[in-house]
Amino acid sequence: MIHIYALTDAAGSSPALLGIDDSPVEVRAAGAVAAAVSRHDAAPEPTAEALLRHAVVVEALHQHRAVLPARFGTGVPDEGAVDDLLAQPGLSARLDRVRDHVEVDVRLVSAETPVPAVPSADAIQEPRHEHSGREHLRALAARAAASGSSEGTRQAAVDAVRMRLESLASGVVERPPGSARVLRHTALLLNRPLVDAFGRAVAEVAAELAPAHTVLCTGPWPPYNFVDDAKRPAAAPMGEGAR
Amino acid sequence: MSESPSRLETQQLGDIGLVDLLDRVLDAGVVISGDIILSLADVDLVYLNLRLLLGSVDTLFPPADSS
């Protein structure tokens, strides 16, 4: 079978690359587009070494060409299937969209676990006597006040990330937060020349939001999350991203 | 991208970077359909196991009120 690393330009230089199991990476062209592939007796197992090699090959190609990375685990049976893949309409336009761009990953993480805005059923149960009832109501009021304040702070942090970081991007894809403390998790498509300025903006925003929030940024990556316009969700309107 | 991360922070960011790499290699990118071999079911299981092994933001950055 043929393992696919990425779809890319037919033109352009790239170094000789060794792929999974040290198989040579071939760039098979059809017209203006090409696929970076390697040949195997069977579908490669998703070992740590294979996953890393796949990522390294995509990264090396990305240094020299526009790439649409393929998800690991995707392969085709023969060269004819590669050619069919390259014949799909709109491939050149998709490559043009990510050309000279990189992807960065941005997480806005709250230092605190969010407090539920609505008291739980346990919290509003009937007090047993007057004294404990007053204390209970005071505690509820304090908790509500703290929750409202935290919510405002979280929303302000989300808005800062959107206005000052995401506004620099050519594309925004929301990613699963993976935790209640992650207020916003996005993949951003950045024009390469903007990467340094983006890094400075991240440092500034992170310094302003600390210590209540942390801005985690990784990359630059090949544009894994920008391979298909049709599946790209639009960025949410301002003010709706906080949890 | 902090300017002077501590050793611990660097380690944590390294772990986050590995999670993000796996997120991309296994959970993003071009997915091809049609008369084409897909082995994604097995990969998804491996991906889940790797995510559990690597942990999440909560384990890499414990909440302030739990430390």
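Mind grabbing the interface size between A and B? I mean buried accessible area, both sides, 1.4 Å probe, in Å² to the nearest hundred.
3500 Å²
Amide H neighbours of residue A:175 under 5 Å, counting only residues 5+ apart in sequence or on other chains, H built in-plane at 1.01 Å?
Sorted by chain and number, the residues that satisfy this are A:185, A:186, A:187.
Please list, in order along segment A:208-224, the HN-Hα scalar couplings obtained from phi with the Karplus expression 6.51 cos²θ - 1.76 cosθ + 1.60 (θ = phi - 60°), rounded to whole Hz, x for Gly and Pro.
My calculation for segment A:208-224 gives 6, 8, 5, x, 5, 9, 10, 9, 9, 10, 10, x, x, 10, x, x, 4 Hz in order.
Per residue of segment A:154-160, what does 6.51 cos²θ - 1.76 cosθ + 1.60 with θ = phi - 60° give for ³J(HN,Hα)? Whole Hz please, x for Gly and Pro, Karplus curve as stated.
Karplus values, whole Hz, x for Gly and Pro: 5, 5, 4, 5, 4, 5, 5.
Using label points projected 7 Å from each Cα along Cα→Cβ, tell me how many nm separate residue A:194 and residue A:207, to one decimal.
2.2 nm
Around residue A:74, which amide H atoms from residues at least 5 apart in sequence, or from another chain, sit under 5 Å from its own amide H, with H modelled in the peptide plane?
For residue A:74, whose amide H was placed from the backbone, the distant partners under 5 Å are A:4.
Could you pull out every residue, at least 5 positions away or on a different chain, whose amide H is within less than 5 Å of the one on residue A:221? Hs are placed 1.01 Å off N in the peptide plane, and Pro or chain starts have none.
A:103, A:104
Work out the FRET efficiency for residue A:164 and residue A:41 from their Cβ-Cβ distance, taking R0 = 41 Å, and round it to the nearest 0.05.
0.20
The values are calculated or read from the model by the stated rules, or taken from the named source; none is laboratory data. Just so you know, these numbers come straight off a predicted model, no measurement behind them. Positions of Cβ are backbone-derived with ideal geometry, glycine not excepted, and every protein chain shown enters the neighbour counts. Ligands, DNA and RNA are excluded from the accessible area calculation, which covers all protein heavy atoms including side chains. Shrake-Rupley method; radii C 1.70, N 1.55, O 1.52, S 1.80 Å.
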